[in-house]
Every structure is written in structure tokens, then in C-alpha cells.
């Protein structure tokens, strides 16, 4: 089989095999950020949440923003990959694992931010011991843990043949680990069949779960009566937002993997172009949702007293600068970049993705904080400024995610080797078939097919 | 609750009640839904009655005591002033008792004055020092150079201190009345002949015209006024109209039916303008005015000289148009208010303790002008009218034993100039003590005792006291806390807080009928502190001679028991109930023989003929007696001449600060959460200080939004408020309830000492207020001072 | 059934904040100090809210004391993930201090802003801790959890104990939460809304009666009577 493929397995195993100085420096750097974050958390735990900028009425701030952000980003992977798998998009193959790993590692980081946010992390088990079923937070716990489980399985299943590859090719202390994780994969047809069925089922199962996750996250907000939150659009709005930011994050991950692991041969401009197109569609959808959301509230009379005050805060008040910069640079500029084929270059999609990921964090902040700062009753309006603790823990959250990702990418092939091989095989077969059927036009078609694969 | 059950409840709780046909009960209590008394008792707890000390209101308290610790205060339901209720100051009072910054033992100054270094000493050392110092001064024949300044002087402490000074030989018994109550008392004396604050039967009035002073926030006693407010709003079939005249939109103004924003210091003009309209309408009580007042019409004296009457004065001098120009109140409003006042009977014109009466140098005249409105509609000593406060009968003090030194000392003039030609009706002039002593006018004080008072903080230009203190030999302070003033003392002999000591308390005029409350320890004293009454008794014994002889009592409690022995209630019973009252006010009528007890009673220089004086004969008599002539008037800052001097009239406010350089007027005021300058170290009060502007824990200046806009000041900016006397840095609050030409700053903050929560917080407006004293009553004037405001 | 409710007559209220202070003393509500207060962290189970409107000289100011509304459909109870806030059998929305995890979902869900979070360890410096209410229903709360007005449940319990000891039923007026007892304008009333003869039942029938944010469907059990 080896000679049939143009895929050089060794190339993908290289990052796993050879761990350089860069890796250790990166890990050390990330660990120092995490250690600082741990110190911040310890301080917060000892002193109380009072050392954050949280207050009354802005009871939630960076942590909940991070929570929504990371859960949103998590949709990159599993959901996008599942959709692509189900639609049998051939170009998905080099992307799926890059994306799926994001899901698996952002979900715990998102959940971790909830832990930062609660006043009594020592009592967190009460959520399991004394769950109160009407609380959207409990729904969230349910859907997120389900999503995490599903995502782990969904990441793991396609990983099995590659783990087996590692087992066969890599020695040392890791071999035992690979052996266990490979679950005795031998690449038999029966195994392959079962694996494909498993992946197929998971791809179907994971989509509604993923949709539920961000819907339920939105319901944390939507189920309250608060101005700016109490909105029927919030479920789909959040889901679209999650996929939106998720794809952007996936593009960034692709770009980083491509650069760091020298995978220019696998992650080609075409992948960025396609992902860019997908991102463009979601940009448009997100702009549409945002517009629909605000227009409905604002139309005619500028909203109820509280809504009006909230919109004033956003449009012309203390959040206006943030808001408009976000709208322009977070939505429209990426939209314009992605709308043009030249913009969907690697550089273009990366720029757009950076903007989107950053401003989708800002967007979550804009959802959480301004609504809280405007109360129904005429209290003084709230003001929120994060302190070093929140900044530290936010940085640590990102560091944890990156660390997990980096370690993962050094433990397992970050692209699905066997799927690439399989894809090439399929394409070759298809091309050969086509060549047979349309002998005179065969040659160019074949090259087209391999291009698609490539 | 109807009247019968009310009386029954009173009877059942041990409060004496006499029912007589002609007596009208001054009801303010009991309506459906007003719940029970002290709360339900759990095991191991007791409820101890005592009396609040957070303001002069004298409310009854029941303290919940569990295992020797006071844990909660409630209003004593049997106390007629507050009837189970307590204001936020009272509710927060345990933060005084358990304050971490209390002084725990006697202190002797270790460093220079004001340096704040102290040495802990024993009571024996402290007493020995006080006795020897006072003895020396007395032996040197200068007892008059010893003064006691006092703030919250309640019950028998007043008599004790007065008697102590009398026996010692000093006339310098200096109260803080000139910062508050004195003007209203003088106005009452000059017109109605009663030397006391006015008591108002608010519950039965149909129309309240309240001049300044934030009736609901700082009225006297606040709990009675606020209770009455609830009563007249919803506790009876008709809902009386309340009109508040105040330059500032206070909470009282907000809760009134109408706010009359007035140019500060012009209340007299408005009152007389209203009188003008009422007289023109012929809507005044003609029978009452004709038969039971003096000086309404023009009159001729025994010498045949013609005198101008109130009517002529008012008609000539106070036409609506002119009044409108002075006060800024539209002409239409003046005539409407006048018509409402004259037709909605019974209508009350209410004199504040402060506010309007301190807004100008004619405060006594302002008070008289306002009070004249009540006489004009004949609303004296009637239900819904002005009452005369009665007090419980206490056993008179025996004569003081005065030796020759004492007699000589007492013949000396007072240090503050009270009762002099310059301030003929003043009984104490708090704010002048510093300058007079410093200048040695008429002599320098050698020793000063401070009892619950803080002149450095409370007096306009209080910093003058700091200078004066430096020249004094010996300063003793009795406060349980550090204060701005006792930083300069030589000895601090901390008193118990009011939860640890005995004292009786007579609420100020309000109910009409007599009330006496008993303050008693609810817990054992926390620290090595001593009742100042006991300290003074001990000092008297130590001084020996006549001073010792004047005090045959072992301790202060004996004095209380002696003075209250004829009350008709036993000491034990009083300790159990915490209050004795006779909750019936005997309204009279001019035809009744008892009328003489409500009109003219306290006159000394005018006939006690039962007539209300529109023309103030008492003042005329006093001037004649003191030899005050027209030539003296200019020096007294009285601009009127001739008969006008003895008639209520408007004296234009004396503006300090050039109007172009200092274009705004400074107005200071009190908040409900302001415990007489002692709330600074009560965190609970600090945390809810300025409700209407939402500012806590700091000082703010209320500025009209348009004015602020012109000055480039935004909400929440730090601004300087500057007068010729100095400047203070405060937070700007844009407040639509501020006049465009004024800045309002509340009292409370700006303490140099006084505990962790009070110290170095906000600013004290007294430091930028010039010390200006009103002519007749000697009151400090607190408003009409030019200031400028700019961003800090 | 008993359904505890409160009526606040705004026509009699003088915005003195006696209720706020009484509540704080009765329920061991810690103060936050100047910094905390500036950050809006001051805790008042019963806060008086000012509304100043208009321009000089046509200014209006309204003040309304705001305890917990004890909604019949309390958003806080719905969203609490651990059931730390709950409605007791008499309709009082209460807080289980030992269960709360401090997620503050309830504080953001409550449209009335009646719920307070302990940002720090409660501040009762020695010897101030002496005056804390020893009633077991109102322990001093630890840091990191949410607390709120509970209609002075300790007083409700005490009144019940007392009635039981005297062998009688509770009657109207037996119970006065701290705010009601101290109310200087006698503007507050407390009682059983299910008892047709209670004062509160009579007052809520007034044409002046209204509730805050009724449109949200929370069905508050605190009623206000309009001014004027």
C-alpha cells in the first residue's frame, strides 16, 4: 500500500518523534504563566472575589466572558469536523484533528473559568450532590460534560489508527502508552469498518450535542429577564457565534501547525480558502444576527427604559468605543477580507481570524458586562474594570489551552495520517475509474482530483 | 387602635395618664397594622430600656441583651417621642458602644498639643491633676477663667455642670445653643413670651408651611415629626398639605406637596409677604388679633408717642411684588400660599431649629416673622396649633453654697459676650469663645473643660479654637472618642458611652406634654471609663469648701434619684419602663385663665398680659434696660431703625465674599444620617450617608447641572469650593434640586481625629465659613456666604 | 396556607433609611467600607432607592425602600444550580448559606437587585463582633456566598414559638421584621396575604397598590402604596 500513496507518514510523525528545544522553551513559558495564574487564584481564594473588579451590579466579568469564549471556540473542532465529515468534504482530512483537538482542550478551560468565578470553589461538588434541575447552569453542566465526552471519543476514534502507527514506529517510554491507546489496532478491514461506523455515529451524535452546548450557554443569559439577555434569538445567535469564532480559531490553529510543523505540503492555501469561505458565511450570519438582535430592541422607541439605557451605553455611552471597534474590526473588516478570493489567502484568513477570535472575546464581554451594568431599578449604573487577578487568570486560561494543545501535538500526529492516506487512495480510485470511463479526458481530471486531495 | 385602647395600653405599661374632659389627647400613635413591641424573647435574653443619645431627640430604646452583650436596639413602644420606632442613627448606635476606636482609659498628653501622643494614666492620677489645677486657679482668685463648653448636655447633667460652675465661681457655662436652637427660642420669647422652642401639634394641623431646616430630616425631635408626618398623610381622613420653603431640595421638600425654592436668607420677607396678602384678603383671625395680640394696629404709648403697628409695616413694606423680587418666589405663588394658609385651618407656620433662622444676621427677626403667621390665623394653643412644651416637675436643686471667690468670679462678664449689650438675648455664644479667649477679651481662659463637644469641628472657623487652645493652661476633655478638639487637651477622661451610664433625658419641645426618659446601663462598662457626672462630683469634693458643700450626693445616680423623686413613679419602675410621660396636652383658649401659662409667661421686660406681641415689647424693654440705643444698632448689624427694630422685619442677608469673585452661595445642612457630627465613626451611617445623591463615605457638593455645565464641572469631579476663608476639596454631585446660584454641602465629614472611619475623610465646610454672629440671639450664621467652585 | 407579604406605603415613607440600618443590625449585614461602597459592593438587604427627576425648580424625587420582593415566581430560585436559594412553605425566599457555591447566577437573575455577594470575609472588627445577632437563623455569613432579605425569618420563627408556647394561633401583627418595627413613618406592614382579614390583605386592595416590575411576571409579595 505504501507505494500507492504519496503520503510520507514519517513526515507527520516527525513532530511526535523529535522534541526540540523550542518545545521546552514554549512549555516552560506557558507553565510560568500558569504558575502565576495559580498564584492569582490562590490569592483570590484566600482573599475573596473582592480582589477582582467584579462588583454590584456587574457580578460577572472576565471569567464568564472567558467561559463563553472558550466554549464558543470549542465549536471549531468537533462541530465543524462533524459537519465536514457528514458532508464528505474531501478537503476536511488534514483539518479535522487540528480542529477537534481545540474542542477537547478548550472545554476544560471554559469549565475552569466557572471555577474561577464561583465564590466557593470548595463547594463546587454541590452541583453534583444537590443539583437543581431548573437551573440553566445545571443544563450547562450536563451538556458540556456530554459534549466533552463525545468530543473526546470523537477525537479519539480517528486517532486510533494513527496511535497504532506511533506504536509501530516510535519506541521509548511512550510505546506502552500508544500500545494501550491503540486498542490493538491492526488495520484489518473489520476494524476499519467498525471504526468508520463509530466515527459516523459520533459525527451524527456530536452535532446536536454541540448545538445544545452553546444554546444552553446562551440560556444562562436568555433565561434571566435582564435587558439585552432575555431574547429568543440567543440560542441560534450563540451557536452561530460559537461556530464563527470556532472556525476562526481552527484557521489559526491550522496556520500555526502549518508553520511550526512545516506542513505546507498538507495544509495548503486551498484549505485556508475553503475555511475562509465557511468563515465568510458565518461572518455574514453573525452580522445578520447582531443586526436583527439590536434592531428589534431599538426599533422605533429605542427600547424600554432599561434596554434603551443599555443601547445608549453600547452605541454612544461608555461601551461605545469598544462596541463600534468590535463591529468594524471584528465583523466588517474580516467580512470584507474574506469576501475577496485574494483575501482568502493564508495571510488574509489568518488576519481575519485573529480579528474575529479577539473581537469575539470582546463580543462576549459586551454581552456580559453592559447588560449587568444596567439594572431595571434605578440604581447607580455599574462600572467594571478587571484587576490583575482576572487578567492573570485569563492569561493562564489561554496558557493552559495552548499547553494542552502543544503537548497533544507532540504526543500524537496533529493531522490524521490514515485519513489522508485513505483520502488519497479513494481519490486515486475515483480518478482511475473516471479515467477509464472518459479515457480521452482522463489525464486532466486526474490532476484535478489530486489537487482536491492535496 | 382607638383612643380608649390606646389609653389602656398606656395604663397597662405603667405610664400615668389623667383623663379630664377638656384635655385633648395629642395623638400620634396606634393605627391598624402597627405591630407589637419589643419583639419576642428567646432564652437567655433581656430587653433593657434606655434612651438614645445620637441626637437631642431623646428617643426611648429597648436594647436586646444576650449574654451580657447588647445585640439590637428597638424603639421603646412606651416612649411617646418615638413609639417603637428608631431612626438610622439610633439603629446604628451599637457601633458607638462597640466601636474599636473608643478610648479605654484616662489619657495624659505626652507630646505637644495636637501631636497626638498620649500616656495612659490611672483615674487617681487624673483626678488629682484636675483637682490641683482647678484648685490653683481658684486659689489665685480667677475661677471665672475656667469654662465648660458642652454639646449634648442632657437631663441633670445640665444642672450639675451649671451648679458646678456656680459653686466654683465661673459664669462660663457655654452651650452649643448658638449653633442651633437659640434663635428659635429668642423668636418665641420676643413674640409669644415663651423662652423655649415651639412645639407644634402637627398631627392635627391641616396645613404645614415649613420654613427651611429639613423638618423630616433634622426637625425636633425627629421621630416625633416623622411619626406625625405618617399620621397626617395616611393616618386620618384628610391628608394635610405640606409646603416646604427651603433654598435646597431636601428630602423633606421632596416629601412635601410643594417646594418653594427661596433665595437663602429671605424667609422673613416671604413670611411678611404672606402676612401682607392675608391681611389684604382680610383672612386673618380678626377676633384673636384684636383681643389677644399687641401691636397689630398702630398704637400710641403712654407718653403719647405714636408707634407703627405690624399691619402698617407689612402693608407698606412687603407688597407681593417687592417680596417676590427679594425671595424669588413668583407673585402668584405668594398670594396662593397666603390664601391656602389662611383658609386651611388649622394652619401652622413652622420655625426650624436651624436653616432659615441661621441664614442671615436677622435670624431672630425671621423667626418672629414666621411665628407671626401663626398668631395672624389665631393658631396658638389649639389643636393643630402651636403648643408650649411642659416639663416634668423635678425636685428643685438646693441653693448653691457660694463663697466669696465664687461670688466674685460670677460677677465677671462671660467670655463669649452672651447677655452683653452686643448680644443681649444670647445665653451662650459658642463660636466666639476662641477669638475672645485668644484676644483676652475680656480675659483669657486659663482652663477649659469640654463635655461632648468638639468646637474645632463644629464651630465656623473652628480652627480658631486651635490657636486659642495653645494659650490655655489646662484643657480637659470627657469624650469617649478622640476628636478634632481633644487632640489639644491635656487630659482626656473618657466618659462611658450612653449604653453604660445613667442619665435622664428630657426631649426638646415637641410633644407639648411632659416626658422624661431614663438612660441606664444596658451592659457593664467595656473599659476603664467613668461617668463625667461622677467625675465632676469627685472634683467638687476634692476642691472642698463651698464647692464640695454644694454637692451632697455621692454619685450622679443619687442626683437623679433626688431630682426625680417627686415624679410620681418609683426609681425601680422608671428603670423598668425607661420613660415617664403624661401624654395629655392641656389646650387652652384666650378666655381660659391658664392662657397666661402659654403666652407671655417668660417675659421679663414686658407685661405678662397674655397678648401675643406683633410689636416685640420684650425687646424694647430689654433694649431700654440694657441701654441699647439707635447708635448701638449699627454695631449689632441691625439695619432697621425706629419702630421697625421691634417689629418682625426682613434684614437683608449679610453676604460675605465679593459677588463677582465668589458668585455662588454656600449652604450647609444636616442629613438624617448625620448624628450631630458624631456619626463620622459609625460605619453603618457612613455607608448610607447621602441617600438623595447616592454618595457615601465622603463629602459632596450639590451643584445645579446648568451651573456645573457653565463651570465645566462634570458629575463626580473633584472640585474646590473656595471662600475668602479657605477652600475644601469635595466631590461634585449634579443635583437638580440645587438652586443655580448655590452650592449645598452637608456636615459630617472632615474630621482630623475620631477613629478609623471618621478620620481624614471628606471635608468640613465649617472651615470655609466665616464666623459671623447674629445680633440678638448670638447664633452662628451658616449661610449666605459667597464661594466659587472650580475643578480640582 | 400562610403567604407572608409586605406593604410599604410610600406616602408615609420619609426615606430616613431607618429600615436599612435596622435590617443591617438585625441580620448581621457587614459594612463594606469606603472602597467597597464606591465599587457598589455595599450590602443593604433593605435598600432605599432614590429617583430624582426633572429640572430646577420643577424637581421631583421619589424614594422607595426595596427589601426582597419574595416573588411567588422567584427567578433566583429557578436559576440556582444547587438549590441554595429556595422558597419555604410560607413563601419566603430563603438562602441556605451552607449550600451556596457563590456562582452569583441568582444575583444576575434577580431583576430587583436584592441579592448580595460576600466579596470578602465579613468585617466586624473587635469588639464590634459583640453586637452580632446570635439568632441561629442569621449567622454571620462566610465570604464567597450570596445573602439576602429573608423577611427576618428569625422573628417569624420566634413569633411562632411564642404563639405555640402560649397555645394559640399566630395573629395578625404578631410578626414585625426589623424594618417594619422601626419604620419611622409607620409606612411598612407585614402579614399574611392569604389571611383575608390581615392588614396587608386589606391594604393590597387599595387603588394605590402596585408592585415593582410586575410586567416581568415574578409576582412579588411586596406591595407598594403610591404617594398622593
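Structural remarks
- Residue B:450 vs. criteria in the same structural domain as residue B:564 (by TED's automatic domain parsing), crowded, with 19+ Cβ neighbours inside 10 Å, closer than 30 Å to residue B:524 by Cβ and touching a strand residue (DSSP E or B) at 6+ places or on another chain (Cβ under 9 Å): yes
- Within region B:687-732, the set of residues being touching a helix residue (DSSP H, G or I) at 6+ places or on another chain (Cβ under 9 Å) and within 14 Å of another protein chain (Cβ to nearest Cβ) comprises B:687, B:688, B:691, B:692, B:696, B:697, B:698, B:699, B:703, B:714, B:715.
- Of the residues making up region C:1-19, those that are in contact with a strand residue (DSSP E or B) (Cβ under 6 Å, 6 or more places away or on another chain) and either facing chain B (nearest Cβ under 9 Å) or farther than 30 Å from residue C:207 by Cβ (or both) are C:7, C:9, C:15, C:17, C:19.
- Comparison of B:642, B:677 shows that the only residue that is touching a helix residue (DSSP H, G or I) at 6+ places or on another chain (Cβ under 6 Å), modelled with pLDDT under 95, at positive phi and outside the structural domain of residue B:482 (by TED's automatic domain parsing) is B:677.
- Qualifying helices (runs of 4 or more DSSP H) (wholly inside region B:146-261; at least 2 residues being within 14 Å of chain C (Cβ to nearest Cβ)): B:215-218, B:222-234, B:251-255
- Residue that is farthest from residue B:653 (Cα to Cα), among those in region B:342-352 that are crowded, with 24+ Cβ neighbours inside 10 Å and touching a helix residue (DSSP H, G or I) at 6+ places or on another chain (Cβ under 6 Å): B:347
- Residue under evaluation residue C:143, criteria (1) at negative phi; (2) touching a residue at least 40 places away in the same chain (Cβ under 8 Å); (3) assigned to a loop (DSSP other than H, G, I, E, B); (4) buried (at least 17 other Cβ atoms within 10 Å of the Cβ), criterion not met: (2)
- Scanning region B:475-526 for residues that are outside any loop (DSSP other than H, G, I, E, B) and either in contact with a helix residue (DSSP H, G or I) (Cβ under 7 Å, 6 or more places away or on another chain) or assigned by TED's automatic domain parsing to the domain that holds residue B:203 (or both) gives B:475, B:476, B:477, B:488, B:491, B:492, B:503, B:504, B:518.
- The residue that is farthest from residue B:686 (Cα to Cα), among those in region C:28-62 that are in contact (Cβ under 8 Å) with a residue 12 or more places away in the chain, assigned to a strand (DSSP E or B) and within 7 Å of chain B (Cβ to nearest Cβ), is C:50.
- Of the candidates B:453, B:432, the single residue that is in contact (Cβ under 8 Å) with a residue 12 or more places away in the chain, within 21 Å of the chain's Cα centre (by Cα) and closer than 24 Å to residue B:627 by Cα is B:432.
Conditions (1) at positive phi; (2) facing another protein chain (nearest Cβ under 7 Å); (3) surrounded by fewer than 24 Cβ atoms within 10 Å (Cβ to Cβ); (4) not in a helix (DSSP H, G or I), marked per residue:
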site: C:120; (1), (2), (3), (4): no, yes, yes, yes
site: C:126; (1), (2), (3), (4): no, yes, yes, yes
site: C:138; (1), (2), (3), (4): no, no, yes, yes
site: C:151; (1), (2), (3), (4): yes, no, no, yes
site: C:157; (1), (2), (3), (4): no, no, yes, no
site: C:197; (1), (2), (3), (4): no, no, yes, yes
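- Residue match in region A:379-393 (condition: farther than 21 Å from residue A:112 by Cβ, outside any helix (DSSP H, G or I) and touching a strand residue (DSSP E or B) at 6+ places or on another chain (Cβ under 7 Å)): yes
- For region C:99-116, a tally of residues being part of a loop (DSSP other than H, G, I, E, B) and touching a helix residue (DSSP H, G or I) at 6+ places or on another chain (Cβ under 7 Å) returns 6.
- Some residue of region C:87-98 being assigned to a loop (DSSP other than H, G, I, E, B), in contact (Cβ under 8 Å) with a residue 24 or more places away in the chain and buried (at least 24 other Cβ atoms within 10 Å of the Cβ): no
- Residues (surrounded by 24 or more Cβ atoms within 10 Å (Cβ to Cβ) and over 20 Å from residue B:253 (Cβ atoms)) located in region B:200-220: B:201
- Identification of helices (runs of 4 or more DSSP H) wholly contained in region A:41-157 with 3 or more residues that are under 22 Å from the mean Cα position of the chain (by Cα) yields A:62-73, A:77-86, A:96-117, A:136-156.
- Filtered residue count, region B:90-118, keeping only those that are surrounded by fewer than 21 Cβ atoms within 10 Å (Cβ to Cβ) and within 8 Å of chain C (Cβ to nearest Cβ): 1
- For residue B:761: the one exception among (1) at the interface with chain C (Cβ under 10 Å from one of its Cβ atoms); (2) assigned to a loop (DSSP other than H, G, I, E, B); (3) within 26 Å of residue C:58 (Cα to Cα): (3)
For (1) in contact (Cβ under 8 Å) with a residue 24 or more places away in the chain; (2) outside the structural domain of residue B:205 (by TED's automatic domain parsing); (3) surrounded by fewer than 23 Cβ atoms within 10 Å (Cβ to Cβ); (4) in a helix (DSSP H, G or I), each residue gets a yes or a no:
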residue	(1), (2), (3), (4)
B:270	yes, no, no, yes
B:275	yes, no, no, yes
B:280	yes, no, yes, yes
B:283	yes, no, yes, no
B:297	no, no, yes, no
B:302	no, no, yes, no
B:326	yes, no, yes, yes
B:329	yes, no, no, no
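- Residue satisfying condition, being closer than 30 Å to residue B:274 by Cα, touching a residue at least 24 places away in the same chain (Cβ under 8 Å) and outside the structural domain of residue B:267 (by TED's automatic domain parsing), within set B:655, B:611, B:575: B:655
- Whenever a residue of region A:54-69 is facing another protein chain (nearest Cβ under 7 Å), its partners that are part of a helix (DSSP H, G or I) and surrounded by fewer than 24 Cβ atoms within 10 Å (Cβ to Cβ), lying with C-beta atoms within less than 6 angstrom and at least six residues away or across chains, give the pairs A:59/C:107.
- Test: residue C:76 is crowded, with 22+ Cβ neighbours inside 10 Å, within 11 Å of chain A (Cβ to nearest Cβ) and not in a loop (DSSP other than H, G, I, E, B): yes
- One residue stands out in region B:64-89 among those that are in contact with a strand residue (DSSP E or B) (Cβ under 7 Å, 6 or more places away or on another chain), touching a residue at least 40 places away in the same chain (Cβ under 8 Å) and facing another protein chain (nearest Cβ under 10 Å): the one that is nearest to residue B:520 (Cα to Cα), namely B:70.
- In region A:281-316, residue farthest from residue A:337 (Cα to Cα) [restricted to those that are at pLDDT below 90 and part of a loop (DSSP other than H, G, I, E, B)]: A:304
The values are calculated or read from the model by the stated rules, or taken from the named source; none is laboratory data. Given the structure is predicted, the values throughout are model-derived calculations rather than measurements. Neighbour counts are summed over all protein chains in view; Cβ atoms, including those assigned to glycine, are modelled from backbone coordinates with ideal geometry.
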